[in-house]
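Colleague: What follows is a structure written as structure tokens; I'll ask about it next.
The values are calculated or read from the model by the stated rules, or taken from the named source; none is laboratory data. Predicted, not measured: the structure shown is a model, and the values here were computed from it. Here Cβ is always computed from backbone atoms with ideal geometry, including for glycine, and neighbour counts include all displayed protein chains. Note: accessible area is taken over every heavy atom of the protein model, side chains too, but ligands, DNA and RNA are not part of it. Shrake-Rupley method; radii C 1.70, N 1.55, O 1.52, S 1.80 Å.
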Amino acid sequence: MRTADVTGWESAVLDGGPADGMRMKVADRPRVLQVTYPCRTEAAADGPRVEAVFVYRRDYAVNQEPLRYGFDIASP
């Protein structure tokens, strides 16, 4: 029995891009993960915020922990 069968969470790692090597736990093997980084703005702190968005897609060839998600340079 795999750990994920009991807990519902699996280990995953990001490959490439700005979050290369970052590890996390995911549930239900999502197809896509989104990583965001805050950007500095000149507006007041209570105003809108801006974030850089990076997309990572699951590598379906990997079926055991840690699952792997590769950086998608073409997204968004």
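Colleague: Under 8 Å between Cβ atoms, at least 6 apart or on separate chains: pull out the pairs that start in segment 11-27 with a residue that is open to solvent by 60 Å² or more (accessible area, probe 1.4 Å) and end on any residue that is modelled with pLDDT of 95 or more and outside any strand (DSSP E or B).
Modeller: Arg23/Pro66
Colleague: Within segment 32-75, which residues are more than 17 Å from the chain's Cα centre (by Cα), open to solvent by less than 70 Å² (accessible area, probe 1.4 Å) and not β-branched (Val, Ile, Thr)?
Modeller: Cys39, Ala43, Ala44, Gly47
Colleague: Mind counting the residues in segment 21-58 that are more than 18 Å from Trp9 (Cβ to Cβ) and in contact with a Lys or Arg (Cβ under 9 Å, 6 or more places away or on another chain)?
Modeller: Total meeting the criteria: 6.
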